[in-house]
Amino acid sequence: MNEDCRSWDFNLLRRHCTMEETEAISRIHIGPEGTDDKWAWKFTPDGSFSVRSAYHGIQMHRREQSNHLQHHDLNMPASEDNWKWLWSLKLPPKIRFFMWRGILNALATCLNLFKRRCSPSPRCQLCNAEEESLIHCLFLCPHALTTWEKVIPSLTSPQNFSQWIFSMRDQDSHLSIRQKIFCAWNIWKARNECIFRGVVISPTATSICAFRDAAEPHYSPPISPSPQPGVIPSQSCPPPINLRRINCDGSFDSVSQEAAFGVVITNSEGQMCDGKAGKILCSSPIEAEALAILAACQVAADDHVPSTILSDSKVLVDAVHSDPSLWPWRCFASLTSITKILRCSPWIHLSFTGRQNNKKADWVARNCRMNSLHPDWLFVLIVLSDLL
Ligand SMILES: [Zn+2]
């Protein structure tokens, strides 16, 4: 609080509270000097508690919540038709994934991370002038503004990312859609390269990349199976096809009590490109599965590449998307670590896959447990893959 003018110190509040808390505190009127703080029950005029007022308070809160949800739906015109249109555009998988995450407002902006308590500040890491929302990153930050001026000078900054994407459906030519999408993507990429790798950021370079990408011959995605049913059960909209996949599996031997995990990475073109295996300490098969998922999450979190992690443990995949009180107690610690990584790394998704689709990861985990994993096991696996 600023004592002199008896007003809230917003810089201080923003540093220590969430946006919602700051907003709520800012609504508290500060009394004149010498007024003491006091506790009050907000649902009665005199501030004293009654069961009746608590009941009314809960009802009111529920109504507000459902209004809020309806309002949110209006802001996100993501009908089935819209998604179909979006996935019909000939765009590389990483761009599809970027748009999909953007539409769900699940890209790792400081504001999103701050709301999830994964970032100490919501401020833009480039200009520090405003909160780092997606709209700020892509349209309002000085780097973005100058880039757009070079690519599409007439563009006005939108209010909402999903509306911006879906409004192109009826209005724009294919080339103009590509220009806009690739410009947004290159702005996002340049920001991240500057923030995470220290690459010098330049609107001229970003705009050249945007023009180059938009002009490239239309990308035709490789033919590959559509995503497994049950991908991202917590989301109601379909994910883009052809993401990088990370299969993981645990192996546990109840006699020797030895365990290991296997992780196999398949790139968006469907080729096995990397993997990881290691011994683990645990005392049940489900713990081995959970530690395998954790290992896959760590791999995916480290390299910032959009990925779908696939596990054949339905119990654990469901647990990740459910309340911690329902978690298998043996896996509580590993599920806590897994959910923390998933919360802070919106580019990773975990989903269930059947055992028949997880044979390679199973092979790696089993051979690692039995000390029979060849040093060049990835190469062996590529050769063997048709036989598994
Ligand atoms: Zn900024």
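Checked against (1) touching a Lys or Arg at 6+ places or on another chain (Cβ under 8 Å); (2) modelled with pLDDT under 95; (3) over 26 Å from P93 (Cα atoms); (4) of a type in the set (A, V, I, L, M), A333 passes all but a single condition, namely (1). Within the range 108-137, restricting attention to residues that are touching a Leu at 6+ places or on another chain (Cβ under 9 Å) and assigned to a helix (DSSP H, G or I), the residue that is farthest from the ligand (Cβ to nearest atom) is N112. For the range 185-214, the set of residues classified as touching a helix residue (DSSP H, G or I) at 6+ places or on another chain (Cβ under 9 Å) and touching a residue at least 60 places away in the same chain (Cβ under 8 Å) consists of W185, W188, R191, C194, I201, P203, T206, S207, A210, F211, listed by residue number. Within the range 318-336, being in contact (Cβ under 8 Å) with a residue 40 or more places away in the chain and under 17 Å from S284 (Cβ atoms) holds for P328, R330, C331, S334, L335. Within the range 352-381, the residues that satisfy the criterion of being exposed (fewer than 13 other Cβ atoms within 10 Å of the Cβ), not charged (D, E, K, R) and not in a loop (DSSP other than H, G, I, E, B) are Q356, F379. Remark: pairs (first residue in the range 1-24, among the basic types (K, R); second residue part of a loop (DSSP other than H, G, I, E, B); Cβ separation under 9 Å; 6+ apart in sequence or on different chains) = R6/I30; R6/G31; R6/P32; R6/E33; R14/S121; R14/P122; R15/P120; R15/S121.
Could you check the range 322-340 and list, in sequence order, the residues that are touching a helix residue (DSSP H, G or I) at 6+ places or on another chain (Cβ under 7 Å), β-branched (V, I, T) and surrounded by fewer than 21 Cβ atoms within 10 Å (Cβ to Cβ)? Can you show your working first?
Initial filter on the range 322-340 (touching a helix residue (DSSP H, G or I) at 6+ places or on another chain (Cβ under 7 Å)): 326-328, 330-331, 334-335, 337-339.
Right, trim to β-branched (V, I, T) and you get 338-339.
T339 - this is the single residue of the range 322-340 that is touching a helix residue (DSSP H, G or I) at 6+ places or on another chain (Cβ under 7 Å), β-branched (V, I, T) and surrounded by fewer than 21 Cβ atoms within 10 Å (Cβ to Cβ).
For the range 139-176, enumerate the residues that are more than 16 Å from the ligand (Cβ to nearest atom), of a type in the set (V, I, T), surrounded by 13 or more Cβ atoms within 10 Å (Cβ to Cβ) and more than 25 Å from the chain's Cα centre (by Cα). Hits for the range 139-176 are V151, I152. Among the residues of the range 87-102, those identified as of a type in the set (A, V, I, L, M, F, W, C) and in contact with a helix residue (DSSP H, G or I) (Cβ under 9 Å, 6 or more places away or on another chain) are W87, L89, L91, I95, F98, M99, W100.
N105 satisfies every condition listed in (1) buried (at least 18 other Cβ atoms within 10 Å of the Cβ); (2) closer than 22 Å to D172 by Cα; (3) away from the ligand (no atom under 16 Å from the Cβ) except (2). Only a single criterion out of (1) buried (at least 19 other Cβ atoms within 10 Å of the Cβ); (2) within 16 Å of the ligand (Cβ to nearest atom) is not satisfied by W185, namely (2). Scanning the range 106-119 for residues that are farther than 14 Å from N192 by Cα and either modelled with pLDDT of 90 or more or in the same structural domain as R343 (by TED's automatic domain parsing) (or both) yields a single hit, L111. What are the pairs, 6+ residues apart or on separate chains, where a residue within the range 340-359 that is of a type in the set (F, W, Y) has its Cβ under 9 Å from a residue that is assigned to a loop (DSSP other than H, G, I, E, B) and at pLDDT 90 or above? Here the result reads F352/D312; F352/S313, each pair linking the range 340-359 to a residue that is assigned to a loop (DSSP other than H, G, I, E, B) and at pLDDT 90 or above. Kindly evaluate V305 against the criterion of being of a type in the set (V, I, T), under 25 Å from K189 (Cα atoms) and in a loop (DSSP other than H, G, I, E, B). When the stated conditions are applied, V305 passes them. The sole residue among G270, G250, G262 that is at positive phi, small (G, A, S) and either touching a strand residue (DSSP E or B) at 6+ places or on another chain (Cβ under 6 Å) or in a loop (DSSP other than H, G, I, E, B) (or both) is G270.
The values are calculated or read from the model by the stated rules, or taken from the named source; none is laboratory data. Everything quoted here is computed from the prediction, not taken from an experiment. Heads up, the Cβs are rebuilt from the backbone with ideal geometry, glycines too, and the neighbour counts pull from every protein chain shown.
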